[in-house]
Amino acid sequence: MTDKVTPRHIAFIMDGNGRWAKKRLLPRKAGHRQGVKALEKVVDACEKRGVEMVTFYAFSTENWARPQDEIDALFAMVAEFADTRLKEYVQRGLRILFIGDLTPLPQKTRDACTRIVEAAKGNKGMIVCIALNYGGRDEIVRAVRTLLQSGLKDVDVETLSDCMYTGGLPDPDVIVRSSGEKRLSNFMLWQAAYSEFVFRDELWPDFDEKIIDAVLEEYASRDRRYGSVKRLN
C-alpha cells in the first residue's frame, strides 16, 4: 500500500447484500448478516491504517419500500450489532455515532443505538458512523427548517453545514460504493461536494482488507484541487 496521505473520512455505500445471497441461493437476510461481517473487516482495516472516521450507509429513507420481514431482520441485526460488536468498539476507544431520523425505528433498536452512543461519548479513537433511516435530501430540508426556526436572516455554507447531522465532523474525502453501481442514492449529498468517488465491482459482503488497500491506493493517485489549478514548479 502507498504511504501517501490517508483520507481522514471514508464513507461506504454498502450495496449488493441481496445479490450476494441470491447467487448462493440463500435468503436476503443471510446476505445482510454477511454484510455485517464485511463492515467489521472494513472498520478494523481502516482503524489500522489511520483513518479518522468511517461512515456506513446502512438503511436509507427509501428502504422502507422493502418487504417488511427484511426490514424487521435488518433492524434486529442493528440492535444485535450495537449490543455486541459496537460494545467492543467502545471498549477499544472508538467513538460511535448514528445519523438519520431514528424516530420510526423499533424501540429495541433505538434503545440499543442510544446506549452505545452514550457509552462512547468520551472516546477519542476512530469515529464509526452508521447512517440509519438516512436520506441526503431529508437532511438538507431538516437543516433548513432548523435555521428557519432559529430566526437567522443570513445563512452561509458554514452555518448550514453545522446544522447537518454531521455538523462539526469532516466531510468524506472519498465515497466508496460496492457492487458496480455508480450513483449516490441520496447519500451525503451536501457533504460530497468535493469527495472523490471509488466504485468497486465486488459485492459488499466480499469487502475485506485487500479491497480497502486498493481503495486507498486509488485515492492516493487522485489530484484533489478543490476547484483550483495545479501549480507548476
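The values are calculated or read from the model by the stated rules, or taken from the named source; none is laboratory data. These figures come from a predicted structure and were not determined experimentally. FYI the Cβ positions are ideal-geometry reconstructions off the backbone, even for glycines, and counts take in every protein chain you see. With ligands, DNA and RNA removed, areas are computed over all heavy atoms of the protein, side chains included. Shrake-Rupley method; radii C 1.70, N 1.55, O 1.52, S 1.80 Å.
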Name the helices (runs of 4 or more DSSP H) wholly inside the stretch 91-174 in which the number of residues that are surrounded by fewer than 12 Cβ atoms within 10 Å (Cβ to Cβ) is 3 or more.
136-150
Can you name every residue in the stretch 33-47 that is out of contact with any Asp or Glu (no Cβ under 8 Å at 6 or more places or on another chain) and not hydrophobic (A, V, I, L, M, F, W, C)?
Arg33, Gln34, Gly35, Lys37, Glu40, Glu47
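Using the structure shown, decide if Phe75 is surrounded by 18 or more Cβ atoms within 10 Å (Cβ to Cβ) and over 25 Å from Gly167 (Cα atoms).
When the stated conditions are applied, Phe75 passes them.
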Could you list, in sequence order, all residues of the stretch 122-140 that are over 17 Å from Ala192 (Cβ atoms) and either without any contact (Cβ under 8 Å) to a residue 12 or more places away in the chain or of a type in the set (D, E, K, R) (or both)?
Gly122, Lys124
Result of the Cβ filter at 6 Å on the stretch 1-23, keeping first residues that are of a type in the set (Val, Ile, Thr) and open to solvent by less than 30 Å² (accessible area, probe 1.4 Å) and partners that are modelled with pLDDT of 95 or more and in a loop (DSSP other than H, G, I, E, B), at least 6 apart or interchain, is Ile10/Val51; Ile13/Phe187
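Each row is one residue, and each column tells you yes or no for (1) open to solvent by less than 20 Å² (accessible area, probe 1.4 Å); (2) closer than 18 Å to Leu97 by Cβ; (3) touching an Asp or Glu at 6+ places or on another chain (Cβ under 8 Å).
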| residue | (1), (2), (3) |
| --- | --- |
| Ser178 | yes, no, yes |
| Leu189 | no, no, yes |
| Arg200 | no, no, no |
| Asp223 | no, no, no |
Answer yes or no: is there a residue in the stretch 213-230 that is out of contact with any Leu (no Cβ under 9 Å at 6 or more places or on another chain), of a type in the set (Phe, Trp, Tyr) and farther than 19 Å from Tyr57 by Cα.
yes
The one condition in (1) in contact with a helix residue (DSSP H, G or I) (Cβ under 7 Å, 6 or more places away or on another chain); (2) open to solvent by 10 Å² or more (accessible area, probe 1.4 Å); (3) assigned to a helix (DSSP H, G or I); (4) not aliphatic (A, V, I, L, M) that Asp213 fails to fulfil:
(1)
Looking at Ala76, Ala58, which is the one that is without any contact (Cβ under 8 Å) to a residue 40 or more places away in the chain and of a type outside the set (Ser, Thr, Tyr)?
Ala76
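Only one of these is open to solvent by 70 Å² or more (accessible area, probe 1.4 Å) and not hydroxyl-bearing (Ser, Thr, Tyr): Ala65, Ala45. Name it.
Values: Ala45 fails: open to solvent by 70 Å² or more (accessible area, probe 1.4 Å).
Only one candidate passes the filter, namely Ala65.
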